[in-house]
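Below: the structure, in structure tokens.
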Amino acid sequence: MTIATSTELICFLVLGAVVVLGSLGVVLLGNIVYSAFLLGGVFMAVAGLYLLLNASFVAAAQVLVYVGAVNVLILFAIMLVNKREDLKPIEGLPIRRLLSGGVCAGLFVLFFRVVITTPWAVPGPAAIGVGATERIGEHLFTDYLLPFELASVLLLMAMIGAIVLARRDVLEVDVGTGDAVNQGLIEKARTPLLVDKSTP
Amino acid sequence: MVTTFATETSGLVSSGLDLELSFSQSLQGLGLSPQVAHLLWLPLPMLLVLTAAMVGVLVTVWLERKISAAVQQRIGPEYAGALGVLQPMADGLKLLVKEDVIPVRADGLLFTLGPVLVLVPVILSWLIVPFGQNLLISNVGIGIFLWISLSSIQPIGLLMSGYASNNKYSLLGGLRAAAQSISYEIPLALAVLAVVMMSNSLSTVDIVAQQNGAGLLSWNVWRQPVGFLIFWICALAECERLPFDLPEAEEELVAGYQTEYAGMKFALFYLGSYINLVLSSLLVAVLYLGGWGFPIPVEWLAGWLGQSVDAPLVQVITGSVGIVMTVLKAYLLVFLAILLRWTTPRVRIDQLLDLGWKFLLPIALGNLLITAALKLAFPVAFGG
Amino acid sequence: MFGFLKKVADYTRDAADAANYLIQGLAVTFDHLRRRPITVQYPYEKLIPSERYRGRIHYEFDKCIACEVCVRVCPINLPVVDWVMNKETKKKELRNYSIDFGVCIFCGNCVEYCPTNCLSMTEEYELAAYDRHSLNYDNVALGRLPTSVTTDPSVQPLRELAYLPKGVMDPHDVPANQPRAGQLPAEVLKSLSLQQDSPQGDKRESLQDAPDQDQPKG
Ligand code: SF4
Ligand code: SF4
């Protein structure tokens, strides 16, 4: 075994351990801020795996999008909300945990089976390295154009939805049901001060 | 990732010379295997980056103090070394021996990790700064994209230190810093994209090479004046330089996310901000001001003097001129940043976000579109 | 449609204006770069405070009649006049007097209104202390004379801008016999009295025999 391959192996093992342990930490840790920071670490480790596969463009995009945008926004949301309240105890929590754990384990077994039964071509196709950037662009604008556009429309919809949700139009009644609603916002509905409310 | 490498310190670099090769050959002469030689070679470029970055910071800190003093009709540091040149050293030494305080209720782990996460991406980005055709640490294919993605890690470090300090000023400062970083990253990336579109390559070496056809006249700043301005404004915002230094606005936030830091951890922040400033200036020089190019192409000068470009002496001179030009351009921009610091008042946070999202972003998009149109219309001038 | 175009035009004009102002500002700072520093190397060089400098208050115990006017005119009733009534002589006997300079705003009201002129403002401004309570000066401390910048052998006195000759900005290396711009109050008085004596008299002549203004402050 040459130094290069052994270095690669060590890097792979370390990155893999970081990904696995990190994602377990994201799920299991009690402090949500730690979970968010660990998530960033997991994303970085995944970028490292891409780098090991000689896909530097994908690695950089992974860092830019997942670490630089997604994770930062998650952190932002956590730190801006910062609501310290005790959640209501959920009844039957152990059973729920057991159920979700079962689903996860089933999924894991399924993936494991797929990994084992798939006839992987070893060694895989040679990495194209620097040429990857152009290849990705080509694919995005030819055969993957539809998914690409669909994804962008989806993002646009998400954005508009977020704006609608975050707009501080204070509604006194629910538009759908007509019930009175209390949105718990800081701004209260503008109630005219000088109108006598006793006379309808 | 270390593929081609040649030091700027050696000065004896020609395009055909591969320093790594000669290094490992000389080590093999001592009876070492090529792999061990390669392993021994690996840390050298990294050390070189660190040294170059540190020296750059020391010079910048000194310049900052002296120029600030001159603008305010003061003298500035005077007693530490001639003209106070050793003052940055003294500062660093002081921070080095200061007590490293971790506040009691702070989160020790995140508190320590924060400054590291701020500094490391900035230093890594130095990999892609070219000082000459072969004078860079690593000619990675994704070049400038590496810098953009690395600089997007910084806000995490800022948020981390802001959160871990357990101090409202720190938290506010960290949030502001992160908001500022992510909003100015987008126009910055779009401005870079326009340049990349013209040079058909992400690699910094190609970007500079494409600008050096006709010396001064072929620099990107003439083809991308709007992009140049957008990039410079965004770079200032990313470095938290004065019109945009809200994250550490002393009057409102004590020192922002640095409030609770002392000693070496504070020094890491300090270093990070200055390394970032120098790096941004270098990249402006690379992207828009022709990088290592002399205002008149060296090839023409050599031709007029009747010298061959490939002659060793001409090679050496070209290499040194390249380094000098890059550094000179970068420090001119540093000077401009310092002058701007004493000219412009700090903007408010809403003005900052307005400027980023409502002004720079649309203009950067328009700039990108126009560049694309011009590239299709005049492939000769805009890199077909 | 045209409203939108107008908005765009206005916006562009605003942006251009902003750029213009930015460049003007840069021109100002750039211009300052080539001016000489006006630094005074403080512990070694000191500026001579002006005649009306309102520094630490000087107090003469023997002149004070304990009338407490200073207390009443002080915006914060700061001076502490500690007296007892002597039953036999039916006079106030002053025992202590103090002013806390950590609180004083140096407005000078007490000095202005003191009927016996026992208060006066000095040129002393170096009031730094390790403990703020040591800024509470009693009558002994208040009675100390200030050290003058001009007589301190370890200090190089420098003239302030108002005392420099016309057109000179840098206080270093100005010859001692160069008079300051304008006239001293004494000269103004003198010229006024000269004018009263001979209404046609030229003001300028009075300047010639004016005393040497090497040190504007005694
Ligand atoms: S100077 Fe003003 S504030 Fe100070 S003791 Fe006199 S009256 Fe009071
Ligand atoms: S006003 Fe003057 S005389 Fe009267 S108490 Fe004060 S210091 Fe003494």
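What to note about this one:
- Single residue of the stretch C:41-68 satisfying the filter (more than 15 Å from C:P146 (Cβ to Cβ) and of a type in the set (D, E)) that is nearest to the chain's Cα centre (by Cα): C:E45
- Within the stretch C:83-106, tally of residues that are near ligand 1 (Cβ under 8 Å from one of its atoms) and surrounded by fewer than 17 Cβ atoms within 10 Å (Cβ to Cβ): 3
- The stretch B:194-226 - residue that is part of a helix (DSSP H, G or I) and among the hydroxyl-bearing types (S, T, Y) and, of those, nearest to A:S56 (Cα to Cα): B:T204
- Scanning the stretch C:99-130 for residues that are among the β-branched types (V, I, T), more than 16 Å from ligand 2 (Cβ to nearest atom) and more than 23 Å from C:L47 (Cα to Cα) turns up just one, C:V103.
- Top-ranked residue in the stretch C:29-76 [being loosely packed, with under 12 Cβ neighbours inside 10 Å and away from ligand 2 (no atom under 16 Å from the Cβ); ranked as farthest from B:K66 (Cα to Cα)]: C:R52
- A:A69 being closer than 18 Å to B:W147 by Cα, within 10 Å of another protein chain (Cβ to nearest Cβ), free of Cβ contacts under 8 Å to residues at least 12 places away in the same chain and assigned to a helix (DSSP H, G or I): yes
- The stretch B:115-135: number of residues that are hydrophobic (A, V, I, L, M, F, W, C) and within 19 Å of B:A330 (Cα to Cα): 9
- Checking C:V71 against (1) away from chain B (no Cβ under 14 Å); (2) in a helix (DSSP H, G or I); (3) more than 24 Å from the chain's Cα centre (by Cα), the condition it does not meet: (3)
- Inside the stretch B:70-80, residues that are free of Cβ contacts under 8 Å to residues at least 12 places away in the same chain and more than 7 Å from chain C (Cβ to nearest Cβ) make up a count of 4.
- Among residues of the stretch B:330-361, those that are small (G, A, S) and more than 12 Å from chain C (Cβ to nearest Cβ), counted: 2
- Condition check for C:V73: within 16 Å of ligand 1 (Cβ to nearest atom) and more than 14 Å from C:N139 (Cβ to Cβ): yes
- Condition check for C:N117: assigned to a loop (DSSP other than H, G, I, E, B) and either within 16 Å of ligand 1 (Cβ to nearest atom) or over 29 Å from the mean Cα position of the chain (by Cα) (or both): yes
- Leading residue by the ranking (farthest from the other protein chains (Cβ to nearest Cβ)) among those in the stretch C:77-98 that are within 12 Å of ligand 2 (Cβ to nearest atom) and polar (S, T, N, Q): C:N96
- Single residue of the stretch A:9-25 satisfying the filter (buried (at least 18 other Cβ atoms within 10 Å of the Cβ) and farther than 19 Å from B:L150 by Cβ) that is farthest from the other protein chains (Cβ to nearest Cβ): A:V19
- Residue that is nearest to the chain's Cα centre (by Cα), among those in the stretch B:274-318 that are within 24 Å of B:I233 (Cα to Cα) and not in a helix (DSSP H, G or I): B:G291
- Of the residues B:S161, B:S183, the single one that is assigned to a helix (DSSP H, G or I), hydroxyl-bearing (S, T, Y), over 22 Å from the mean Cα position of the chain (by Cα) and within 12 Å of chain A (Cβ to nearest Cβ) is B:S161.
- Condition check for C:N109: near ligand 1 (Cβ under 10 Å from one of its atoms), of a type in the set (S, T, N, Q) and surrounded by fewer than 12 Cβ atoms within 10 Å (Cβ to Cβ): no
Values in this text are rule-based calculations from the coordinates and carry no lab data. This is a predicted model, so every value here is computed, not measured. Positions of Cβ are backbone-derived with ideal geometry, glycine not excepted, and every protein chain shown enters the neighbour counts.
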